[in-house]
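Presented below is the structure to which this report refers.
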Amino acid sequence: MIDVQGIIVGLAPFTHYISFGLIILAGFNIPISEDVVFIISASIAATTVPQNAPYIFAGCFLGAYLSDIVAYAIGRYGINKIVFSKIMIRSKIVDREKIEDKIKIIRGYFDRYGGKTLFFARFVPFGVRNITFMTCGLIKMKIAKFLIIDLCAATCTSIILFYLGYTFGNNYEMILPYVSRYKFIIFGIFISIVILIIFRKKITKRSAAP
């Protein structure tokens, strides 16, 4: 994990630029904690460069939103082209029909629960949010739908994290362990919901069977 704390604290006057850049990198699956960047940046805004607070929030928010779009683009224009490239198919590294069948299943799930999954995945750490964004791109979710839902979710997470860092100021380190616990709780809830949906689907299929 990159030492984002040292980078941001050491260059406080340029926090808005640095935070923006670091969070953008997270969209490429580089091991940078978006939550930590938000909280430390907000702490610096409260204690070191209060005059730059609006710019720092804007840098963090835009970085988070654009990094989501980067992950979506990787799924739509990167993974899609690699998986279905002539080289991959001719070399039989991938079975085109099997991959297409799996994508159809995923697309069917996202047609029903895509909006909710996308929104709540924005709150889930451990790479789940990036995987979700790339999956949205892979199945070619409508870009307008992705942008609107993700904008709502990114706004919520940005305000919550920035508020926490700004409120605690120099004591931001006190809340980092709680943020880690919140990640585990949110991750657990997310996995439980997915399992519940799958279980419910199987029960419905069995009930419908003659």
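Tabulated values for the structure
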| read-out | value |
| --- | --- |
| Scan of the range 124-147 for residues that are out of contact with any helix residue (DSSP H, G or I) (no Cβ under 9 Å at 6 or more places or on another chain) and over 19 Å from Phe28 (Cα atoms), ordered by number | Lys142, Ala144 |
| Tally of residues being at negative phi and under 15 Å from the mean Cα position of the chain (by Cα) across the range 98-137 | 22 |
| Residue among Gly165, Gly169 that alone is in a helix (DSSP H, G or I), among the small types (Gly, Ala, Ser) and at positive phi | Gly169 |
| Inter-residue pairs, beta-carbon under 8 Å, first loosely packed, with under 13 Cβ neighbours inside 10 Å and in the range 158-171, second polar (S, T, N, Q), 6+ apart | Asn170/Ser43; Asn170/Thr47 |
| Subset of the range 122-146 [assigned to a helix (DSSP H, G or I), touching a residue at least 24 places away in the same chain (Cβ under 8 Å) and more than 24 Å from Val83 (Cα to Cα)] | Lys145 |
| Residue in the range 109-125 that is surrounded by 14 or more Cβ atoms within 10 Å (Cβ to Cβ), at pLDDT 95 or above and aromatic (Phe, Trp, Tyr) present | no |
| Residues satisfying the stated conditions in the range 36-77, i.e. of a type in the set (Val, Ile, Thr), modelled with pLDDT under 90 and surrounded by fewer than 21 Cβ atoms within 10 Å (Cβ to Cβ) | Thr47, Thr48, Val49 |
| Total residues in the range 21-33, condition within 23 Å of Lys145 (Cα to Cα) and surrounded by 24 or more Cβ atoms within 10 Å (Cβ to Cβ) | 3 |
| Subset of the range 1-24 (residues that are modelled with pLDDT of 85 or more and either farther than 18 Å from Leu161 by Cβ or within 12 Å of the chain's Cα centre (by Cα) (or both)) | Phe14, Tyr17, Ile23, Ile24 |
| The listed residue being modelled with pLDDT under 90 and assigned to a helix (DSSP H, G or I), out of Ile87, Ile32 | Ile87 |
| Qualifying residue in the range 95-107 (condition: in a loop (DSSP other than H, G, I, E, B), modelled with pLDDT under 90 and not aliphatic (A, V, I, L, M)) | yes |
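The values are calculated or read from the model by the stated rules, or taken from the named source; none is laboratory data. As the structure is a computational prediction, the values presented were derived from the model and not from experiment. Counting neighbours? That spans all protein chains shown, and the Cβs are built from the backbone with ideal geometry, glycine included.
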